1. Return only the number of the condition from (1) at pLDDT below 85; (2) surrounded by 10 or more Cβ atoms within 10 Å (Cβ to Cβ) that residue 91 does not satisfy.
2. Give the residues of the range 1-57 that are in contact (Cβ under 8 Å) with a residue 60 or more places away in the chain and among the aliphatic types (A, V, I, L, M), sorted by residue number.
3. For the range 43-64, what are the residues that are aromatic (Phe, Trp, Tyr) and exposed (fewer than 11 other Cβ atoms within 10 Å of the Cβ)?
4. Output the residue which, of all residues in the range 1-42 that are modelled with pLDDT of 90 or more and of a type outside the set (A, V, I, L, M, F, W, C), is surrounded by the most Cβ atoms within 10 Å (Cβ to Cβ).
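The values are calculated or read from the model by the stated rules, or taken from the named source; none is laboratory data. No experiment lies behind these values; they were computed from the predicted model shown. Here Cβ is always computed from backbone atoms with ideal geometry, including for glycine, and neighbour counts include all displayed protein chains.
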Amino acid sequence: MKYRFNPSCGCARCRARGFMGPAVLITIGVLFLLDQMTHIYWMNFGRTWPALLIVIGLVMFLQHNASTAGHIPREYTAYPAAPPTYPLPPQTWQPPVNPQVAPAAPVVPPETPPSSAGTTDHGEVHNG
């Protein structure tokens, strides 16, 4: 059986898959710190960057040699047996029906009699 990474598996190989990013960031940080803290010629980043490749190789070596004891195989979903046939049959839209709710009657505001106080012949309102 070929090994495939499973994010929900707890075996050592699946857990070791997440070590590469932190190991690279820590190595870069240490190399830049050494470059800033010391003034020795061979400790500047331009000469120590191959240590980054060594750390990447070590992490990859540890990942591939980690135990797969207790590995949970990854399950893949099956593809549909046959694609849908085209053209698809026409579908008509029907509004949803809720038998528990009766249709509401339209709301009509009550009529108010016109007020003649403070108006003129033209319907304008004058204060005073």
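1. For residue 91, the exception is condition (2).
2. The answer is 1, and nothing else.
3. Selection gives 61 alone.
4. Here the residue is 27.
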